[in-house]
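Novice: The structure's right below; bear with me while I get my questions together.
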Amino acid sequence: MAGPPAGRGPTFPLFPFRSGGAPPDCETSFRGASSLDDDRTSYNPQRSFPRARCARSSVTSGGESKNHHWWPKGLQKYWTDWNGRISWIEPSGAIQSERQHRGNIASILYGHTLFRGDVWQTNFEEQFSIDVKVHDLIEALNGLVPDGHEEGKYGHFKIGERFNRQLTLFILSLTIRSPSQRHIYEHYPESFNLPPDENVGKANMNLQYGVARRLCETSSVSNRHFSLLHSEEPRFICGDGCLDCLSAGLLANRVNGRALIALTPHLCVYINTPMMMRSDRNCTAIRATRSMIKRANAITQIYSKKKLFFLGNPPELTADFRRGEHLQHATFSDSLLNEVDELVGHTNGRQEFFRGVW
């Protein structure tokens with residue numbers, strides 16, 4: 001069941017930007033760990049956030065990208081049909097498609113650029129460098145499957161720390177960039193009786209991801225469990241929104257909460273941070289039943305507003321998606337996630353499901 005539109009969500013207490021009269025922004029560069037693959041990096045707490053360095057540049061400079069993708073192009077390739085096209089359906093039921101190589105799908109003009117006046121800008125597109133890992137991550141996840149092909153079969157695995165960090169950061173990068181979270185970030189000024197502001201949304205996104213990157217690259221690894229839902233037919237769908245109760249935990253400077261997101265038409269990932277978990281496993285691969293797939297796709301439709309991407313046959317639209325709004329769960333529970341939690345042995349702390357969302 002869907003709840004009210006996702007208008008006000010917990011974000012970092014950034015001040016509302018006003019047009020004109022404000023100091024110019026600065027181009028940012030991350031001063032923390034240099035790479036996820038570098039085990040020799042050290043953490044300086046005074047340099048944990050993106051550090052500013054002023055750089056005057058024109059918004060029309062040819063050297064900087066303008067179309068910024070909230071759905072990485074590398075991930076989009078898994079959703080292309082035999083003709084190289086990606087299809088999506090809208091709340092009205094209209095079906096559209098476009099060639100993936102054009103780079104126009106799931107992109108926002110200057111979506112990751114903060115503007116201050118006519119010539120000053122902060123472009124944080126390069127911060128999402130985890131996107132280069134997408135094919136390695138998907139290949140590794142597709143290799144984690146249970147024995148047998150019967151629906152409902154599952155198997156437990158222990159993934160290494162480096163892969164754990166990379167996968168967590170990649171999921172956070174997707175949830176933080178998603179239009180549903182951008183919608184929440186942009187509406188933060190309403191807490192001050194001010195209208196929504198696009199720059200506030202971008203600033204919150206930039207700050208949230210800076211914290212996520214620091215925690216995933218340099219902090220200790222907390223309890224994190226990944227449930228991998230594998231399916232051949234029917235397939236999962238992806239939208240311009242997803243269940244994200246994970247990025248809100250960054251407000252407390254920790255990776256805490258839950259998220260559910262389809263990475264490919266055949267793979268949906270559920271990340272959970274249980275209060276207690278076994279030390280010999282942190283990943284469970286499941287041959288998803290048709291009921292699981294149907295409920296996972298229904299969750300995606302709750303949080304999506306304009307588009308549902310699919311491969312093959314279009315999904316049956318729910319009343320939630322037909323409303324054309326970014327909605328949220330109306331209760332503190334979900335039957336699919338409860339079922340997965342029981343299957344992997346995480347039945348404690350269900351009341352933490354929406355920690356920090358309301």
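Novice: State all residues of region 106-165 that are in contact with a His (Cβ under 7 Å, 6 or more places away or on another chain) and at pLDDT 85 or above; if no residue qualifies, say none.
Specialist: Once the filter is applied, which keeps residues that are in contact with a His (Cβ under 7 Å, 6 or more places away or on another chain) and at pLDDT 85 or above, region 106-165 yields only VAL145.
Novice: Going by the conditions given, is ARG295 out of contact with any strand residue (DSSP E or B) (no Cβ under 9 Å at 6 or more places or on another chain), surrounded by fewer than 22 Cβ atoms within 10 Å (Cβ to Cβ) and farther than 15 Å from LEU169 by Cα? It would help to see each step written out before you state the result.
Specialist: Working: out of contact with any strand residue (DSSP E or B) (no Cβ under 9 Å at 6 or more places or on another chain): yes; surrounded by fewer than 22 Cβ atoms within 10 Å (Cβ to Cβ): yes; farther than 15 Å from LEU169 by Cα: yes.
So ARG295 passes the test.
Novice: With respect to the numbered conditions (1) in contact (Cβ under 8 Å) with a residue 40 or more places away in the chain; (2) touching a strand residue (DSSP E or B) at 6+ places or on another chain (Cβ under 8 Å); (3) crowded, with 21+ Cβ neighbours inside 10 Å; (4) not in a helix (DSSP H, G or I), which one is the sole condition not fulfilled by VAL255?
Specialist: Status for VAL255: all satisfied but (2).
Novice: Can you tell me which residue within region 185-208, out of those that are in contact (Cβ under 8 Å) with a residue 12 or more places away in the chain and not in a helix (DSSP H, G or I), is nearest to VAL344 (Cα to Cα)? Full working, then the answer.
Specialist: Our first condition is that a residue be in contact (Cβ under 8 Å) with a residue 12 or more places away in the chain; within region 185-208, this holds for 185-192, 194, 197-208.
In the following step, the residues that additionally are not in a helix (DSSP H, G or I) were identified as 187, 194, 197.
Numbers: HIS187: 37, LEU194: 45, ASP197: 42 Å.
Among them, the one singled out is HIS187.
Novice: Could you list, ordered by first residue, the pairs with Cβ atoms under 8 Å in which the first is in region 209-238 and within 20 Å of LEU144 (Cβ to Cβ) and modelled with pLDDT of 90 or more and the second is among the small types (Gly, Ala, Ser) and in a helix (DSSP H, G or I), at least 6 apart or interchain?
Specialist: That search, which allows pairs on different chains as well, returns LEU229/ALA296; PHE236/ALA296.
Novice: Now for a separate question. For residues in region 286-332 being more than 20 Å from the chain's Cα centre (by Cα) and hydroxyl-bearing (Ser, Thr, Tyr), which is farthest from GLN76 (Cα to Cα)?
Specialist: THR331
Novice: From the set of residues in region 95-105 that are modelled with pLDDT of 90 or more and more than 23 Å from ARG182 (Cβ to Cβ), which is surrounded by the most Cβ atoms within 10 Å (Cβ to Cβ)?
Specialist: Filtering region 95-105 for residues that are modelled with pLDDT of 90 or more and more than 23 Å from ARG182 (Cβ to Cβ), the one surrounded by the most Cβ atoms within 10 Å (Cβ to Cβ) comes out as SER97.
Novice: Can you pull out the residues in region 157-175 that are farther than 19 Å from PRO72 by Cα and either in contact with a strand residue (DSSP E or B) (Cβ under 6 Å, 6 or more places away or on another chain) or surrounded by fewer than 17 Cβ atoms within 10 Å (Cβ to Cβ) (or both)?
Specialist: PHE157, LYS158, ILE159, GLY160, GLU161, ARG162
The values are calculated or read from the model by the stated rules, or taken from the named source; none is laboratory data. Owing to the predicted nature of the structure, the values given are computational and were not obtained by experimental measurement. For neighbour counting, all protein chains shown are included, and Cβ atoms are generated from backbone atoms with ideal geometry for every residue, glycine included.
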